[in-house]
Every structure is written in C-alpha cells, then in structure tokens.
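As structure tokens, the structure follows; a few thoughts come after it.
The values are calculated or read from the model by the stated rules, or taken from the named source; none is laboratory data. All values derive from a computational prediction rather than experimental measurement. Counting neighbours? That spans all protein chains shown, and the Cβs are built from the backbone with ideal geometry, glycine included.
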C-alpha cells in the first residue's frame, strides 16, 4: 500500500491538471479557441516573413470589424439558446439604407441612427414572433433573413456608391498606436461594442438573465426572471449589432449593395461556435466570439500569404473547426442527470 | 383521407390564387406549346425549374418528419454538381454516355455519403440537427470549390446537358425525374411500413422505441436519402447550366426546401408528413418565383413575398396565434386557453395529465374559467 | 426572526378542476411556524396540485388561502416568493450553467459601482452557505455539483428570500443516505428558526424521522391531519391507499386458486437485474399462465424493475432468460422477439403516438416486428384491427381516428391491444388501470385474467392492493427501491398482510 501513497510524478502532474481544470470547465472551450488562434498565428509567423508584423495583426481587427460586431450580437442570441439567421441580410439592409438615404441627401448624422433603428426593429419583431407565438427561432429568423434581403432589393437592385464627405472622413480616420501602427475607426467601434457587450452580459441583470434563460428557460421562469423580455431583448440586440455592422461595412466598402453580407450570418455563427460558445445556449463569452472572428481572419491571412492555397480553404477549415468545437463541447457537457 | 385533403386545402387554395393572378396579369400564362418535340410554356417552366427544389423537399420531408432538419442540402447540391462536372471534363470523351453515367453515379454516391455523415452526427452522436448539419453547410461549399479548383467548370457534353434539356414524349426529363422520385418516395413510404415508422418515431420517439422500432437507424437512413436527393438535384441544376458553380449552385435552396415542406403541412415538430403536401409546397414556392418573373416585378422582391409566406405559415401553425385569431369569431366564447408563456399547463402528479377519475373528455364546467 | 402569531399557512376548502377531472375537492392544509409537516398521498391524490395552488402555479376554483393570518391570492411563483413562500422542486429548477452564487442570488444580485459585483455576490453566497453549515465553492458552476448539493443550493436560495414557508417537493427521491442526512440537517436548522416546512415525499421512514404532523390526501379529498405519534406507518399506508372494494363490479371472486404447480419451469428467469439509482439487483421467476403482481408505494422501484426486464432501461447488472435462452437487454427488440410485451405506465409519453390513428397504434409493435419490408396486407390489417377493437370494446368513431382523441380508458385498451395482437408469452403491465373509469377498469382486469387463462404469463404493477390481490398468484413487494418479499397469494394473504410488507418489509 505504501507504493500507492506516494504518487508518481506523472500522476501528480495529472492531478495538478485535474485540479486546474476542476471548477473551470466552462473556460475550457474559450481557452481552446485562444490556443487555436495562437497556434495558427505561430504557424503563420514561422512560415511567412512579414506575417508577425504588428500591423498585420491589427489588420485582422480592421478587416473584420463588421464581422466582430455581428458575432457579438449573435453571441447574445446563442447564449440565450436561440439562433439568428438574419444578421447577414440585416447588415446589407443597414448598409443599403445608409447609401440610399445619403443619396437622397439626408444628413449623415441622421442616417446612421435610422439604419441602427431599422436593424433593432427587425430584431425586435423577430423576437416577438419567437416569444409570443412560439415560432422556432430558426424559422422566424429565416423569414427575417428573406425579409431584410428583399427590402434591400426593393430599395435598389443596383449598387449605390457612398460619396458623403463625412463617411469618407470616418472611413479614412485612423487611430494611431505606438510603433507606427494604427487602427481604423471601425475596428475601434467593434472593440468598443465587444467591451460593452461583455459588460452587459456580466454586470447587468439582463446579461445574467440571458445566461439563465440559455441554461434552462423553465428554471429561469420559476426563478422569477423576465424570460419574455430577455428573449425579445437578445434578438433586438442582435438586430442592432447587425445594423451597426452594416454601418461599419459601408465605411469599409463605401457602397450599399443588395449582395453585401451574403452568407455572413453563417460566418458569424461559425465564429461564435469556434469561439467556444455552446450552440444550445448558456455557456460562452463575447471574448470567445472575438477570438473566433480573428481565427477565421487569421486563416484567411495565411491563405493570402500562402498564395497557392485558395480562399475556399477558409470554409473547409471553418467547418472542421466547427466540428471540433461541437464535439469538444459534447464531451465537456455535464451529463444530464435524470 | 378526409383529414389529409383538408390539410391540403389551404396550400391548394394558395396555388390556385397564384395561378389565377398569373392568368390575369399575363395573357397566355396557361398556354403550352410543343416546339421541337418538347413542351414549352410557363406551367412547364414552373415544373422544369422547380424539379430540383422538389427533389430536395422530398428528402427534407422525411428528415423533418423525424424531427430533424438538414441545412446542408444546398452545399451538397454544389458538391454533387462539381464532382459530376469534374469527372466528365477529365474523361477522355466527355460525350460518351458511359462517362456521364459514371460521373453521375459517383456524384450521387458521394452525396449519399455526405447525408450519412449528417445522420451520424445527428442521430448517433445526438448533436442537435441544426448544429450537426450546419457543419457541412459551412464546409460543403468550400469542398465544392476545392473540387472545381475555384473555377466555374463548364462541360460540353451532350448527354450531360441532355439530362436537363432532353425530353421523353415531349415531357422534359427533369419533370419526369421529379415525378419518378415522387413515385419512388411514395411507394417506399406508403406502400411499405417505413412511413408508419417515420411518423411513429417523429410523433413519439420513446413510444416507438418501446414498440420495437429502430429509431436511430431510421434517422440515419433518412439523412442519407436526403443527401441523395440533394445530389440528384445538384446534377439537374448543373446539367441545366452545363457547369458547376461551387459558390452559387443551390444557394439558399435548403431554405426554399424547408419552406416547401412546411407549406405542405408537415410540421417542423415532426410526426405526420405528407408527400402530396410537399409536392404542392414546392410547386407553390417555384410558382412564386416564376410569377415574379412573368409579372415583371423586380425578381428580387420575391424574397419579400417569401418572407411574408414564411411568417404567415408559421403563425398559422402556432396554436396561440390561431386561438387569438379565432377568438373574436366565437361569439361570447371564452378566450381559448393559451399555452406556452401563459403559464405552465395544468399537470397532475409526476407530470401525467389529470385523468384520475374522468376519462379525459373535456369537462364543460372547466371551459368557463 | 419574529414569531408570527397564528398559523403560517392556512388553506381550506380548496377546489381545483382540470378538464375532465376534479383534482382537488375541499382539500386543506394547516402549517404552523417552526414545524416540519408532511403532505402524503398516492399518485393522483392531489399533492402536487395542492402545492401548485399554494405556490401560485395554479389558481384554485374555490377555497381560501391565508399566509401569516392574512388572506392572500397567490398569483404566480414570483408572487408566492413575495408572500414568503419558497419552493424546492424534485427536479432542481436552477440553472446548471451558472455559478452557485448566482443561482442563490439571481434576480437579487448585489450591485457595485460597475453593475453587478461578482465579488460581493460570491461573498454573500458564501456567507449564506457557511451560515447553513455548508462548505461550498460558490464560484463553481452549479452543474458540476451532484443533485444533492443542487437541492441544498435551491434551499439556500429560499433562505436568502427570507422565506417563512418552505415547500420541499420530493427533495430526497434522487439522494443517497448521506445526502439525505445533510439535507435533513439543513431542514432542522430552518425549522428551529421558525420556518414552516411542508415536506412532500414517498419515503415514509423519512416522514417519521423528520415530521411532527402529516396531512393525508386521497383522490383530491382530505383524509385528515395526524401527528406522527398517533398514526403508525401501517395505518398511514392504509389511509393513503384507501379502500377500493365495492367500487368495481367484481371479477368473479379470486381470479385463481393459488399458485401454479411449483415444478413447472419458469418462463421468465431474471437473476440479479439492477440499475444504479433505479432498483437494487433482484431475482424474479414467472411461470406460464402465472400472474405476478408488483406492489409498493410510488417511488419504491416498481416501474424501474419492470422496465429493466423489457430493456426499456439498460440494466447495469444481472441477466434475463426467457425459456432458458439468454435475452439481450440493450434495446427492447430482443425482449419483444422473445415474446415479452410492455405497457408503460405513462401512456402519453411512452405508449401511444397521439397523432397516429387507432389502427396504426394497434399495429405498431406487430409491424415493427415484421420489419418495414413486409407491410401488413390491407385486408389482414383491417380484420385484425376490427377484431381487437371489438374484443377490447374500444369506443372509437372509426379505426382512423387519431388515438389522442380517445378517452383515457380507451387509449389504455388500444395500448393493451397493441401487445395482445402480438400474442405475447409474458405481458408486463405498469398501472394498467390508472386514470381510467370504473367500467374500463373492470374490462381491463377481465382481459388480463383471460389472457392468463390461456397461458400468458402476466407481470403487473398496481397501486391498488385490492386489484393486486384479486388478480395475482404471487405478490412481489418493493420498498425503497428493492424487492423485499414475494408472497404466495394462496388465500391466506389479505390487504393487511401486504400493507405490513409495504410499510415495514425489509426494515427488520
């Protein structure tokens, strides 16, 4: 028996790992996401010269600012146990509204709030249909996706260029950072949105209720939480974020086009899942979603540097990552106790 | 049978309305002519261009009846077309029927395999179907582009183009293919016990298991069939254009297919399904698109129509909504009891419904609360 | 805590109707501050409904509720909490993904300068826990703790609400002995603080250990309130189960004269079948033509025991032989092939497919056994359905009516018919007469007896001892999730004898 009482070094190391993991299970997926991002980046840095430049990293934020905002909004919905397929279309609608109203001569400072409001309103309506009529989120937001995209086409089937000087200035604005690097305004807004979302999710009752509803809707109801308000709220937040993403997109691309953001809802959902958020709700972090977007961005950057590999590998790798995270979360899921 | 007919009444009415609107707006809408041994006309177009959608909707019907869903069919369409086209292009003689047959067989086999993969994730590993099939939805188009090397592969193969362009006794092959698939599905589901098993598992999986039905195997098979149907649709779509477009082939067709199934009266919550309903649903969705074309409305606004249809159908399927709409018509009647958020349904001990003394018939006293 | 004058809760004359059934008929409850009060009754007695009326989930159709001497109308669980009534449900109604601290304080989180302050929240929850003598890491996710701890956390939440009344709805049904101990310690602490505790359970030992008084319900009506000193376990079981004699037109006397000859080889031969958390390993033999009744209170492991035999749940241990051949219990398919049939207690969830027609439901098992390739010919199908509908006297408009539209008794007959069509060699029936009207009940009993006459072995679970005694050759008694005895029903056995086993069997 004495042999058993002194653990071998390996055993004690395993025990230490277990002690580290114990009680922190919910951080594992997001930690894995971070690890994947770091690994990808390390591979890129080793393989390609000029990859590890600070500005290359910052450009990940710059080039994906709208997707970050989209993913942040979708994170709310997924945390609450829902799904939102309308974000790509709402992004396009918001961009379209901006371009159209600017062409009609509206002042830019009015145009942006209108676009944001339109997005939030679509989200709100979807939330109402889901909550009050018990329509599956998947189907309701599918309808919203058609609806928003259709509205884009009704506004114009042509691409509308944006020539407004203020938009031009905003698009050109760079926030200088040490080392001669800089961030675009869009990237700053995206980071601010992520920060605000993290604050709301962790420091407000609404945010905690989002997690509670995602964990168990019936429990949340019995605990006296306003489940209906939370459900409608998350879709409104997601609609708002998609619209904000649309505004950032117009800054990035300087036009409104009905074809903007095609399939971007899938990228956003993929980023959220790759960021370690459980698609069934209740577990996950906004930080993870940002990491997820950056992971997708890094893959794209690697493909650009590689040159010979083509862009479709992004989707394949994204699919594989999705699979890995879904399986990982299945393995980690607390066994359902009957 | 009476119930079946009643369930189809609404979609049938919608279809008649759509066709009538067309007839008014476009003179000669119903005209069908024969040119070069093949039927032409708006109605033929609807069936011809609606064939891929119908094929996919048929597979989707079974998956949905089993409480699943398959988001990856659009991606499978792209993969299937890509595989077929690449094989034909690589063949020594692209116009040899043998090469085309081989290419089609390979594409279909791969599609079925992709369906099996979905089934494995959803039914064996028990990952939520939306999540499980999302993986292939995301990765599938990448796969298709990988196969075509990112190009739009065009084939100049007469037999292959013939799959879409050819006709038998003036009826386009595509329409025949869809009709044969409908027939095969109907025979497989309604002339064997499979349909009963599907409805039993979809209606009450635990009861079906305890009655000795293999629910898991059934679900895996359903996803495989759905993949196969999508593969076939992919061939038709790619043959129609004579090319494989990894990016755009079958884009959003999964959503149209789900819509067609739902319009056809198969509930997303599983259980009873209707093949006739799905056929009707697919024709309605396609008619909607065609209507928009022939009426000269910007084709893109079809999306808004579609959105409206989705919402209307969903709301009509929502018990709460129906109760609200019906309430004013029931003179002096009480508001119908609303489920869901209105509060937990009355449950007796251990969750069984209270039938301790009565025999489950509604007590007239209870209605007036 | 102030000592409120008068009762903590006084409910009287409560009536609650559900469609087709009166769940509560004049039920009442009187809770004193600082007492642990048991609420007892069999399935369908109305315990849950009474609790749900108290906690505002259901509105009563008649009757009054007073809390702390003031009449109140409780409108929903939140309103109940405002009145100082907190509930801990059997299925923990907390969020497993949130931390323990959040689950305790959700909706009342302490705030700091930047919104909710996790630090303060954790501190407050930790204080509450240690105040109750619990050593918990409140920052951990609730789901990482076993059910027992989750129950305790649910109670902590109630403590933080400053509840004057705590309802514990079967909190111990999934706990082991040590966990029950800890729970009881916590309950005792709360009681000594003057909290009135309503304890609902099926474990009578626990009632006598923890409670001072108990209220018994039967069929929605109050049977009475007693102190644990004035009523012993056996008397209590008698009150809970009640007299059911005379209620039915009787199956001719006793269905059988004693057990079949003992030298006949058993058809079913189970050894050491058991499942963790379900039922302790048990042995069982059933001979052809023999009817074995399983008796015991709800939660005694009756249902769990028969489910193992059919492969409805996978056993952890033991084996099953039918006719000397080993039967795999991974799924129900092998048992079905071996001639077993099982009618679940929960018709709606586990028996019938409500949307499908009567005919489809009747033929489901037979079709499953034939395989999908061999659908029943239309004519044979119609004949078989016709025959069983009339033999079982199923009242349905047509064989194509969805089975969900039928009454409870007729649904039960359809489920029974599904298996009788299979000509099973062993019929397992779980509460086949529950929730159906008196006429249907007698018919079902007659059918069971007739089946056995023809050589079918029958194993049936019932809460009604009269029924068990009238029908069975042998009575197997379960208690606390184990088989405690097997009694021959040879004329010397009566309700009192079985009651004694249910109440005290295996305790010695």
Condition set touching a residue at least 12 places away in the same chain (Cβ under 8 Å) and either assigned to a helix (DSSP H, G or I) or facing chain B (nearest Cβ under 8 Å) (or both), scope the stretch A:155-179, selection nearest to residue A:263 (Cα to Cα): answer is A:157
Considering the stretch C:104-127 alone, what residues qualify as being buried (at least 21 other Cβ atoms within 10 Å of the Cβ) and closer than 27 Å to residue C:191 by Cβ?
C:104, C:105, C:106, C:125
Residue list for the stretch A:116-154, filter: buried (at least 24 other Cβ atoms within 10 Å of the Cβ) and more than 14 Å from chain B (Cβ to nearest Cβ)
A:119, A:123
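Return the residue satisfying two criteria in turn: it lies in the stretch C:345-355 and is facing chain B (nearest Cβ under 8 Å) and buried (at least 24 other Cβ atoms within 10 Å of the Cβ), and of such residues it is farthest from residue C:456 (Cα to Cα). Let's see the steps before the verdict.
Filtering the stretch C:345-355 down to residues facing chain B (nearest Cβ under 8 Å) leaves C:346, C:348-355.
Still in the running and buried (at least 24 other Cβ atoms within 10 Å of the Cβ): C:351-353.
On the way: C:351: 21, C:352: 23, C:353: 26 Å.
Top of the filtered list is C:353.
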Quick test of your reading of the structure: residue B:228 fulfils all but one of (1) closer than 30 Å to residue C:369 by Cβ; (2) within 14 Å of chain C (Cβ to nearest Cβ); (3) in contact with a helix residue (DSSP H, G or I) (Cβ under 6 Å, 6 or more places away or on another chain). Name the failing condition by number.
(2)
Only one of (1) at pLDDT 65 or above; (2) away from chain A (no Cβ under 12 Å) does not apply to residue B:313, and that is (2)
In the stretch C:1-37, what residues are over 18 Å from residue C:236 (Cβ atoms), at pLDDT 75 or above and within 14 Å of chain B (Cβ to nearest Cβ)?
C:15, C:16, C:17, C:18, C:22, C:23, C:24, C:25
Residue satisfying condition, being at negative phi and either within 14 Å of chain A (Cβ to nearest Cβ) or outside any helix (DSSP H, G or I) (or both), within set B:82, B:101, B:112, B:107
B:82
Can you say whether residue A:199 is surrounded by fewer than 17 Cβ atoms within 10 Å (Cβ to Cβ) and at the interface with another protein chain (Cβ under 8 Å from one of its Cβ atoms), as far as the supplied structure shows?
yes
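Being within 30 Å of residue C:341 (Cα to Cα), within 14 Å of chain C (Cβ to nearest Cβ), part of a helix (DSSP H, G or I) and touching a helix residue (DSSP H, G or I) at 6+ places or on another chain (Cβ under 9 Å) narrows it down to one residue among B:197, B:273; which is it?
When all the criteria are applied, what remains is B:197.
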What number of residues within the stretch B:139-193 are surrounded by fewer than 20 Cβ atoms within 10 Å (Cβ to Cβ), within 14 Å of another protein chain (Cβ to nearest Cβ), under 23 Å from the mean Cα position of the chain (by Cα) and in contact (Cβ under 8 Å) with a residue 24 or more places away in the chain?
2
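Could you please give the count of residues in the stretch B:19-41 that are within 19 Å of residue B:281 (Cβ to Cβ) and in contact (Cβ under 8 Å) with a residue 12 or more places away in the chain? Quick ask: steps written out before the conclusion?
Taking the stretch B:19-41 and keeping what is within 19 Å of residue B:281 (Cβ to Cβ), we get B:19-22.
Adding the requirement that they be in contact (Cβ under 8 Å) with a residue 12 or more places away in the chain leaves B:19, B:21-22.
Residues that pass the stated criteria total 3.
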Can you find a residue in the stretch C:380-395 that is out of contact with any helix residue (DSSP H, G or I) (no Cβ under 7 Å at 6 or more places or on another chain), within 11 Å of another protein chain (Cβ to nearest Cβ) and surrounded by 15 or more Cβ atoms within 10 Å (Cβ to Cβ)?
no
Residue B:232 fails exactly one of (1) over 17 Å from the mean Cα position of the chain (by Cα); (2) crowded, with 21+ Cβ neighbours inside 10 Å, namely (1)
Count, please, the residues in the stretch C:300-335 that happen to be farther than 30 Å from residue C:504 by Cα, within 12 Å of another protein chain (Cβ to nearest Cβ) and either assigned to a helix (DSSP H, G or I) or touching a strand residue (DSSP E or B) at 6+ places or on another chain (Cβ under 6 Å) (or both).
3
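Hey, any hits in the stretch B:118-125 for a residue that's at the interface with chain A (Cβ under 10 Å from one of its Cβ atoms) and out of contact with any strand residue (DSSP E or B) (no Cβ under 9 Å at 6 or more places or on another chain)? Lay out the reasoning, then the answer.
Residues of the stretch B:118-125 at the interface with chain A (Cβ under 10 Å from one of its Cβ atoms): B:121, B:125.
Narrowing the set further to residues that are out of contact with any strand residue (DSSP E or B) (no Cβ under 9 Å at 6 or more places or on another chain) leaves B:121, B:125.
Yes.
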Considering (1) surrounded by 21 or more Cβ atoms within 10 Å (Cβ to Cβ); (2) within 14 Å of chain C (Cβ to nearest Cβ), say which one residue A:75 fails and leave the rest.
(2)
Looking at the stretch A:283-296, is at least one residue part of a loop (DSSP other than H, G, I, E, B), at the interface with another protein chain (Cβ under 10 Å from one of its Cβ atoms), surrounded by 24 or more Cβ atoms within 10 Å (Cβ to Cβ) and at pLDDT 85 or above?
yes
Could we say that residue C:387 is within 24 Å of residue C:288 (Cα to Cα) and either out of contact with any strand residue (DSSP E or B) (no Cβ under 9 Å at 6 or more places or on another chain) or assigned to a helix (DSSP H, G or I) (or both) here?
no
Looking at (1) surrounded by fewer than 19 Cβ atoms within 10 Å (Cβ to Cβ); (2) more than 12 Å from chain C (Cβ to nearest Cβ); (3) farther than 19 Å from residue A:84 by Cα; (4) touching a helix residue (DSSP H, G or I) at 6+ places or on another chain (Cβ under 6 Å), which one does residue A:228 not meet, given that it meets all the others?
(3)
Taking the stretch C:38-93 as the search range and keeping residues that are more than 14 Å from chain B (Cβ to nearest Cβ) and touching a helix residue (DSSP H, G or I) at 6+ places or on another chain (Cβ under 6 Å), which one is modelled with the lowest pLDDT?
C:92
When you go through (1) in a loop (DSSP other than H, G, I, E, B); (2) away from chain A (no Cβ under 12 Å); (3) in contact (Cβ under 8 Å) with a residue 24 or more places away in the chain one by one for residue C:108, which number turns out not to apply?
(2)
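Right, residue C:429: crowded, with 24+ Cβ neighbours inside 10 Å and farther than 28 Å from residue C:22 by Cα or not?
Values: crowded, with 24+ Cβ neighbours inside 10 Å: yes; farther than 28 Å from residue C:22 by Cα: no.
In short, no.
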Failed condition for residue C:122, given (1) at pLDDT 85 or above; (2) touching a strand residue (DSSP E or B) at 6+ places or on another chain (Cβ under 7 Å); (3) more than 30 Å from residue C:277 (Cβ to Cβ):
(2)
